[in-house]
1. To one decimal place, what Kirkwood hydrodynamic radius in Å is obtained for the stretch 342-385 from all pairs of distinct Cα atoms?
2. Among MET274, MET237, MET158, which one shows the biggest mean-square fluctuation in a GNM of the chain, springs joining Cα atoms closer than 10 Å?
3. Report the dimensions of the stretch 3-90 along its three principal axes from the alpha-carbon atoms, largest first, rounded to Å.
4. Starting from 0 in steps of 10 Å, tell me what percent of the Cα-Cα pairs of the stretch 194-246 lands in each bin.
5. Please list, in chain and number order, the residues 5+ apart from LEU353 or on another chain whose amide H is under 5 Å from its amide H, with Hs placed from the backbone.
6. Suppose the chain between PHE236 and VAL48 were pulled fully straight at 0.36 nm per residue; how much longer would it get relative to their current alpha carbon spacing?
7. Of LYS228/LYS255; LYS125/LYS246; LYS125/LYS381; LYS50/LYS246, which sit over 23 Å apart, Cα to Cα?
8. Comparing THR348, THR184, THR202, which has the greatest mean-square fluctuation in the GNM of the chain with Cα pairs linked when under 10 Å apart?
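What follows is calculated from the coordinates using simple rules that are stated; it is not laboratory data. In this text, all values refer to a predicted model and were calculated from it rather than measured experimentally. Quick reminder, even Gly has a Cβ in these numbers, built from the backbone with ideal geometry, and neighbours come from all protein chains shown.
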Amino acid sequence: MNNFEEYCTKFVQSVGNKEGAVSPVITNSASFAYSTPEIAEGIFDGSVKKPLYSRMGNPTTAKLESIMADMDGGVAAIATSSGMGATTLACMSLLASGDEIISIGGLFGGTYALFDETLSRFGVKTHFFDVDEFKEIEEAINKNTNISFLESVGNPNMRLPDIKRIAQIANEAGVILIVDNTITPLSISPLALGADISIYSTTKIISGNSSALGGCAVFRAVNDGDDKLKASRYDFMAKFIKGAGKMALFVNAKKRALRDLGMSANANASYQTMLGLETLPLRLSRITNSLEIVALALHESGLNINHPSLKSHPHHERYLSDFKNGCGALFTIDMGSKTRAFEFLNNTKLATLTANIGDNRTLALHMASTIYRDFDEETRKFLGISDGLIRISIGLENPEDIINDFIQASK
């Protein structure tokens, strides 16, 4: 049974209730009453499992977090206000001035800006590598390296990492690996491949309908015996390991990021995200099947299509071996120039022009004039952003309708 079929059962059974209100209850309260000072003390020391304050967790959000943790085989999860909130939470909980990040592969523009511009202002240095620069990655890891980071699929360069091999490099060096799995929920299981934290913008395909901004970070359990988190590189983890055991990575993120930076999820958004989760396996299965059909037909029509399902892609064999359930909703079209790209986008009658991805409807966006407009030429080249590049996110429409619309739009 593939993940799509397995989670058709798991999600609907987890989201809905068997008694009382079938749909999850939305707890619209910022604060919670503790009844007695003894209970308040217990809530704050963790011995009483009741809500503390919505910045630190909400009952509606807690249900979403439990489902997300189960989806990725994690010990716990933290839902956040956005995908960038999840990235920031995961990274800032592990970093201090003087630390370094190894960033691997194509990056969403917001993540690149976080690493290259924002974190550098706080004394954190990032080294950027292509997905296949294994030797260079190994050589760049040093005593200051606290995080290795990659996206499961390069957005938008569509390059596929060998996640298992990169995880092995990180684990042998004793460095935490974070995988942004936004594009490939269910298709890829980062923690099973050796990652320590998987992160998501749940705004994207998990919600699926542009109604709920959100993110999530899922954490692995800390091992009882040897564990790289017990080494001197992560000496700040000692108190959390002593107090929380296998939950230490999760508790560290709660206390060193969520509590202090406040990227907390909203209860209404968590509710809407759970509604999206119920149909995620069905939507993702259809979208990944449609994408292969669309990408091949447009490629054969003469358009410059970039997707690993095509034999011309440098990671086609990796796609076949490691991405058996597809690699999400994205592909790109390079129209050769900004003028031709704008003509295409003005001619399409089907695509919605927006910065989102993973929606129920097909989306399109010219990259260089929008998300990457402030990036210099060298950075754009590294990230695969050409003047004519259009990112496409395939939706639930009939694939033949998408093909016919895009072919007419390209003329």
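1. 11.7 Å
2. Top of the fluctuation ranking is MET237.
3. 48, 37, 23
4. Spelled out per bin, shortest first, that is 21, 37, 21, 19, 3.
5. The list, which skips near neighbours in sequence, is ALA364.
6. Length gained, PHE236 through VAL48: 65.2 nm.
7. From LYS228/LYS255; LYS125/LYS246; LYS125/LYS381; LYS50/LYS246, over 23 Å: LYS125/LYS246.
8. Among THR348, THR184, THR202, the largest GNM mean-square fluctuation belongs to THR348.
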